[in-house]
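A.B. asks: I am attaching a structure below and will ask some questions about it afterwards.
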Amino acid sequence: MADAREHLAAAFDELRAMRPVGRDSIRVSASRFRASDHEVVGERVAAAAAALDRAGAADRTPQSVEALRAAVDLARAGRTLYASVRRAFRAEWRFERHCFGAEWADARDRARRAGRAVAAWASHGRAVAEAASALESTGPQSVPRLSPGAWRRDGAVLGGVAGPWGDVLEGFGGFAEAVGLDEAGLVAMDGEEYRTAAGRFASAANAVREAHRRLARAKAEGAQGFQSYAVPIRRRCEPFRRAYATQVDAARAALTGETDRAGTLEARAMDRILAAELEHPFPEPEGGSAAAGSGSGSG
């Protein structure tokens, strides 16, 4: 039993160092992610479970064994939840760097990867909250400094923001896809493939419209995650949509031989895009230094 307590105490100490939910907000940083070790937690939890199996086989103090088994379940659920948090933020930080570098296909993929990780918070958060409640029902705590109430709050907070934060990341992915489609349309225009260009610009307009819808919904629902990029992207979306619609008209004009009108429309579209970029600049990407990430999310 003492071995199980020792392993669990070490596991929860490691998990506490990873804990992203503070008193008033969700805070993460690249330095904390580098300092945390999910593999060590897994090894400690497995060792505790093995010790409990031995104790259970000897049929000693079954109530204490039950409490420690509940603590093992909570540690496993917490490790899964925090690993998902780390995956989400790392992918979002990669999105920021790809977006800042105008690598739109990679930015889209990273945003969607981050979105999948955030969506998983809902079920992982419920699992943590249920495991914390089960531990509380076993009676006095058997692991030093372990507070089931704090764990239950973590699960509820992270699970509760999953929906609107997922919309933010879906919006990021849609925005990156739209800009990539626009660039592909410009290449087609340069190659005089005007029909192809019009289709790509139209797809870009649809993609950025959907991105705007998701970001606006997330804002209305109180999402505060990843705001350093969410705000300028949301504000760029509508000017970009109008620019892409104008690009469609430019491609159609070029297709019918109205080259002067096509040039005028294309210049108008580019002016709209440039103005939106200047008015709503992206900040430096998060996660690029040891201190990065402190402003990346709050809840």
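The values are calculated or read from the model by the stated rules, or taken from the named source; none is laboratory data. Note that the structure is a prediction, hence the values are computed from the model and not measured. Virtual Cβ from ideal backbone geometry, glycine too; neighbours counted across all protein chains shown.
A.B. asks: For the stretch 171-184, check the following and say yes or no: at least one residue is surrounded by fewer than 23 Cβ atoms within 10 Å (Cβ to Cβ), modelled with pLDDT under 95 and either among the charged types (D, E, K, R) or more than 25 Å from Val21 (Cβ to Cβ) (or both).
C.D. replies: No, because not a single residue in the stretch 171-184 is surrounded by fewer than 23 Cβ atoms within 10 Å (Cβ to Cβ), modelled with pLDDT under 95 and either among the charged types (D, E, K, R) or more than 25 Å from Val21 (Cβ to Cβ) (or both).
A.B. asks: Another question about this same structure. Which members of the stretch 204-219 meet the condition of being surrounded by 17 or more Cβ atoms within 10 Å (Cβ to Cβ) and touching a residue at least 24 places away in the same chain (Cβ under 8 Å)?
C.D. replies: Filtering the stretch 204-219 down to residues surrounded by 17 or more Cβ atoms within 10 Å (Cβ to Cβ) leaves 204-205, 207-212, 214-215, 218-219.
Scanning the stretch 204-219 gives Ala204, Ala205, Ala207, Val208, Arg209, Glu210, Ala211, His212, Arg214, Leu215, Ala218.
A.B. asks: Look through Ala70, Ala117 and report the one residue that is surrounded by 19 or more Cβ atoms within 10 Å (Cβ to Cβ) and in contact (Cβ under 8 Å) with a residue 40 or more places away in the chain. Can you show your working first?
C.D. replies: Working: Ala117 fails: in contact (Cβ under 8 Å) with a residue 40 or more places away in the chain.
Of Ala70, Ala117, the one residue that is surrounded by 19 or more Cβ atoms within 10 Å (Cβ to Cβ) and in contact (Cβ under 8 Å) with a residue 40 or more places away in the chain is Ala70.
A.B. asks: Can you give me the ranges of the helices (runs of 4 or more DSSP H) entirely in the stretch 186-299 with at least 1 residues that are modelled with pLDDT of 95 or more and touching a strand residue (DSSP E or B) at 6+ places or on another chain (Cβ under 6 Å)?
C.D. replies: Here the list is empty.
A.B. asks: Which one of these does Arg108 not meet: (1) at pLDDT 95 or above; (2) under 23 Å from Arg152 (Cα atoms); (3) among the basic types (Lys, Arg); (4) crowded, with 19+ Cβ neighbours inside 10 Å?
C.D. replies: Here Arg108 clears every test but (2).
A.B. asks: Could you please let me know if Gly155 is surrounded by 23 or more Cβ atoms within 10 Å (Cβ to Cβ) and in the same structural domain as Pro20 (by TED's automatic domain parsing)? If you could, list the steps in order and put the result at the bottom.
C.D. replies: Working: surrounded by 23 or more Cβ atoms within 10 Å (Cβ to Cβ): yes; in the same structural domain as Pro20 (by TED's automatic domain parsing): yes.
Criteria met by Gly155.
A.B. asks: Kindly indicate whether any position in the stretch 141-154 is polar (S, T, N, Q) and touching a helix residue (DSSP H, G or I) at 6+ places or on another chain (Cβ under 8 Å).
C.D. replies: Within the stretch 141-154, one or more residues are polar (S, T, N, Q) and touching a helix residue (DSSP H, G or I) at 6+ places or on another chain (Cβ under 8 Å).
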